[in-house]
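Everything below concerns the one structure shown next.
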Amino acid sequence: MKIIVCVKQVPDTSGKVAVNPDGTLNRASMATITNPDDLNAVEAALQLKEQTGAEVIVISMGPPPAEGMLREIQARGVDRAVLVSGREFGGSDTYATSQILAAAINKLGVEKDDVILCGRQAIDGDTAQVGPQIAEKLGLPQVSYAAEITKDGDTITVKRMLEDGYMTIKVKTPCLITCIKELNTPRYMSVGGVFDCYSKPYEIFDYETLKDDPLIDPSTIGLKGSPTNIFKSFTPPQKGVGMMLEGADRATCDKLAGLLAAKHLI
Amino acid sequence: MSNYNSAAIEEFNGGVWVFCEQRQGKMMSTSFELISEGRKLADELGSKLYGVLLGHNIEGIAKELGGYGADGVYVCDHPLLENYTTDGYTKVICDLVHEYKPEVMLIGATNIGRDLGPRCAARLHTGLCADCTHLDIDVPKYKEFLRASSTLAPNMIDSIKEDDRNLKMTRPAFGGHLMATIICPRFRPAMATVRPGVMKKNEFDKAKADACEIIKPQVSLTEADMETQVVEVVKAAKKLVDLIGADVVVSVGRGISKDVEGGIKLAEELAEVLGGVVGGSRATIDAGWLSADHQVGQTGKTVHPKIYVALGISGAIQHKAGMQDSECIIAVNKNENAPIFEIADYGICGDLFKVTPMLIEAIKAAKAAE
């Protein structure tokens with residue numbers, strides 16, 4: 001049994017975000033992190049490994065420096081890492097990305113017992129599209145927004161969250177599940193794990209590695225193969241600074257209440 | 001891979017479609033928002049607007065969509081469609097798209113819409129833009145939008161060619177730091193999931209509802225198509241807070257940490273006086289102080305109430321993305337440099353535990369005086 005976890009390295013948008021004058025993101029000035037939801041997927045994989053003895057493989061598409069992130073994930077207990085990297089893959093939208101990642105997963109081979117885990121969405125694009133699109137490209141059933149996962153033989157039961165409650169869903173392996181933060185608390189790297197991680201298997205899948213897969217075609221990968229294009233990107237205007245009221249006492253509050261009443265807001 | 005993309009985009013003349021989500025036979029309010037927005041797009045394209053409604057025994061709720069602007073509704077009724085499943089819903093929708101060829105398809109960006117949308121787009125080999133907050137066809141209208149909502153230089157806006165007829169799908173990226181407008185020029189339907197609570201609902205028109213055409217396509221679905229099995233659907237036991245529908249939202253942030261219960265109680269009291277509900281920043285949800293249905297912001301809900309009060313919220317860009325279009329923003333924060341003050345109409349620099357009780361009294365007094 002294998003568990004394949006898809007992860008993404010993303011700019012840390014929780015801190016200061018730098019935007020270039022032309023409206024693009026100044027990525028060079030920003031720290032990168034492992035996408036938070038993906039760490040929940042890694043943790044879910046490690047817990048399934050403890051239960052079943054499965055091999056856990058982490059896979060990411062990105063530039064070569066993403067090795068550092070993958071090694072850190074190996075230090076948490078993941079057995080093997082694959083970086084999918086090549087200039088032919090650059091500029092891919094979610095459709096093209098899922099074609100490439102699905103081809104890479106095909107290369108690893110999807111067998112009867114296997115499970116593929118993804119984070120729900122990445123904090124740079126917030127699309128939540130790549131997980132379901134990989135599942136479609138691999139012809140596998142999917143369950144998204146997983147808050148609980150239990151495996152019993154070839155049946156996986158998932159608590160799938162909705163805005164107003166949840167669904168309990170049963171699905172047979174092989175399948176793809178996207179994970180949310182309510183699923184678990186990701187473990188830290190262990191000291192031994194950090195010591196060992198650079199001796200664990202690490203591979204790069206480039207265009208040459210994947211090119212024989214029918215999913216890999218110039219018309220379906222990279223910038224040219226992406227169905228969506230950016231028409232314009234821009235920064236939203238800052239709303240004009242409003243009124244800072246003097247003081248913080250009852251008189252201040254009375255003034256504010258008066259202003260609201262004058263605008264018929266109360 | 002599907003050879004579907006070989007069809008010429010001109011063949012997709014089946015109008016604008018809106019996937020109208022229902023749960024347990026009740027229409028989600030985002031379906032009405034999207035029908036209203038879809039009406040605008042269909043008018044710009046000079047085409048028709050159709051709702052797409054899947055479920056079991058749901059025909060009775062279809063015509064109401066006409067009251068918000070749908071010319072017709074495709075009603076797909078089948079026992080296997082009673083509960084949402086990725087497999088069943090994707091198959092039926094893709095079959096419909098193949099047959100009737102819409103040029104645009106909108107889906108609410110709910111937990112279900114965001115499961116269904118990408119699966120359909122991948123099968124249909126077309127583009128999907130996630131979680132859109134603004135949609136246009138006509139370039140002059142798009143330019144108007146950019147003039148009001150972007151920092152682009154006027155000459156950059158003026159130079160956009162006016163003949164583009166693609167659906168222009170605008171959405172926040174990088175937590176709202178950037179906005180991107182996406183098009184899908186080579187494939188149809190152009191697909192978008194649309195953030196709930198953002199598009200305005202039209203006034204309901206009874207005559208249009210009565211005139212709405214109901215179309216019942218053949219649904220071919222069998223147990224063999226179903227790879228996932230819904231064991232149960234559980235509604236949250238407690239009533240969830242209706243942030244999106246509220247006229248007033250009083251939100252709390254990390255600033256309540258020294259007395260969480262007291263801070264929430266103050267927010268509840270202020271919300272009661274103003275006739276609103278309580279929300280929270282991501283920090284308060286992550287800390288477990290409030291349940292997830294209270295979350296305002298990029299990963300929570302987008303609200304635009306008449307009054308938004310931010311108590312002890314610093315104003316991270318992710319939070320601002322969910323509330324900055326509120327009509328009147330009031331912020332109370334101890335830190336005079338808190339970014340929330342950059343977008344607040346009225347700011348008070350002070351301790352929320354001291355200011356809020358006085359504000360409650362002041363508002364009570366002002367209301368009594370009217």
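Just for region B:243-262: of the residues that are aliphatic (A, V, I, L, M) and over 26 Å from the mean Cα position of the chain (by Cα), which one is most open to solvent (accessible area, probe 1.4 Å)?
Among those that are aliphatic (A, V, I, L, M) and over 26 Å from the mean Cα position of the chain (by Cα), it is B:260.
For region A:148-160, which positions are open to solvent by 10 Å² or more (accessible area, probe 1.4 Å) and either in a strand (DSSP E or B) or not acidic (Asp, Glu) (or both)?
Residues satisfying the conditions are A:148, A:149, A:150, A:151, A:152, A:153, A:155, A:157, A:159.
For region B:78-95, give me each residue that is part of a helix (DSSP H, G or I) and either surrounded by 23 or more Cβ atoms within 10 Å (Cβ to Cβ) or in contact with a helix residue (DSSP H, G or I) (Cβ under 9 Å, 6 or more places away or on another chain) (or both).
B:80, B:81, B:86, B:87, B:88, B:89, B:90, B:91, B:92, B:93, B:94, listed by residue number.
Could you tell me which numbered condition residue B:266 fails, if it satisfies all but one of (1) in a loop (DSSP other than H, G, I, E, B); (2) surrounded by 20 or more Cβ atoms within 10 Å (Cβ to Cβ); (3) in contact (Cβ under 8 Å) with a residue 60 or more places away in the chain; (4) more than 8 Å from chain A (Cβ to nearest Cβ)?
Looking at each condition in turn, residue B:266 falls short on (1).
Every residue, every condition in (1) surrounded by 14 or more Cβ atoms within 10 Å (Cβ to Cβ); (2) under 17 Å from residue A:161 (Cα atoms); (3) touching a Pro at 6+ places or on another chain (Cβ under 8 Å), yes or no:
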site	(1), (2), (3)
B:216	no, no, no
B:226	yes, no, no
B:230	yes, yes, no
B:241	yes, yes, no
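Considering B:314, B:326, which residue is among the hydroxyl-bearing types (Ser, Thr, Tyr), modelled with pLDDT under 90 and not in a strand (DSSP E or B)?
The conditions single out B:326.
Among the residues of region A:216-266, which ones are within 7 Å of chain B (Cβ to nearest Cβ), assigned to a loop (DSSP other than H, G, I, E, B), free of Cβ contacts under 8 Å to residues at least 60 places away in the same chain and open to solvent by less than 60 Å² (accessible area, probe 1.4 Å)?
A:236, A:237, A:242, A:245, A:248, A:265, A:266
Quickly run through region B:301-314 and pick out the residues that are among the small types (Gly, Ala, Ser) and surrounded by 23 or more Cβ atoms within 10 Å (Cβ to Cβ).
Across region B:301-314, the qualifying residues are B:310, B:312.
Looking only at region B:351-370, decide whether some residue is within 29 Å of residue A:125 (Cα to Cα), in a helix (DSSP H, G or I) and within 11 Å of chain A (Cβ to nearest Cβ).
The answer is no, given that none of the residues of region B:351-370 is within 29 Å of residue A:125 (Cα to Cα), in a helix (DSSP H, G or I) and within 11 Å of chain A (Cβ to nearest Cβ).
From (1) part of a helix (DSSP H, G or I); (2) within 14 Å of chain B (Cβ to nearest Cβ), pick out the condition that doesn't hold for residue A:144.
(1)
Being within 10 Å of chain B (Cβ to nearest Cβ) and open to solvent by 20 Å² or more (accessible area, probe 1.4 Å) is true for just one of A:203, A:163. Which residue is that?
A:163
What single numbered condition from (1) touching a strand residue (DSSP E or B) at 6+ places or on another chain (Cβ under 8 Å); (2) touching a residue at least 24 places away in the same chain (Cβ under 8 Å); (3) surrounded by fewer than 17 Cβ atoms within 10 Å (Cβ to Cβ) fails to hold for residue B:172?
Looking at each condition in turn, residue B:172 falls short on (3).
May I ask you to list the residues in region A:166-200 that are away from every other protein chain (no Cβ under 11 Å), more than 23 Å from residue A:133 (Cβ to Cβ) and not in a helix (DSSP H, G or I)?
Of everything in region A:166-200, those that are away from every other protein chain (no Cβ under 11 Å), more than 23 Å from residue A:133 (Cβ to Cβ) and not in a helix (DSSP H, G or I) turn out to be A:184, A:185, A:186, A:187, A:188, A:189, A:190, A:200.
Give the residues of region B:328-370 that are open to solvent by 10 Å² or more (accessible area, probe 1.4 Å), aliphatic (A, V, I, L, M) and more than 14 Å from residue B:266 (Cα to Cα), sorted by residue number.
Selection gives B:365, B:366, B:368, B:369.
Does any residue of region A:179-200 turn out to be touching a Ser or Thr at 6+ places or on another chain (Cβ under 6 Å), modelled with pLDDT of 95 or more and more than 30 Å from residue A:260 (Cα to Cα)?
no
Return yes or no: is residue A:10 in a loop (DSSP other than H, G, I, E, B), under 21 Å from residue B:299 (Cα atoms) and at pLDDT below 95?
Taking the combined requirement at face value, the residue does not satisfy it.
Filtering region A:90-127 down to residues that are in a helix (DSSP H, G or I) and open to solvent by 10 Å² or more (accessible area, probe 1.4 Å), which residue is nearest to residue A:138 (Cα to Cα)?
A:106
Within region B:279-296, take every residue that is of a type in the set (Val, Ile, Thr) and in a helix (DSSP H, G or I) and give me the one that is most open to solvent (accessible area, probe 1.4 Å).
Among residues in region B:279-296 that are of a type in the set (Val, Ile, Thr) and in a helix (DSSP H, G or I), the one most open to solvent (accessible area, probe 1.4 Å) is B:285.
Just to be sure, is residue B:8 aliphatic (A, V, I, L, M) and within 30 Å of residue A:221 (Cα to Cα)?
Answer is yes for this residue.
Looking at the structure I just gave you, is residue B:206 over 25 Å from residue B:11 (Cα atoms), among the basic types (Lys, Arg) and within 17 Å of the chain's Cα centre (by Cα)?
no
The values are calculated or read from the model by the stated rules, or taken from the named source; none is laboratory data. The structure presented is a predicted model; accordingly, all values stated were derived computationally and were not measured. Cβ: placed from backbone, ideal geometry, glycine included. Neighbour counts: every protein chain shown. When the accessible area is computed, the model is the full protein with side chains, heavy atoms only, and any ligands, DNA or RNA have been set aside. Shrake-Rupley method; radii C 1.70, N 1.55, O 1.52, S 1.80 Å.
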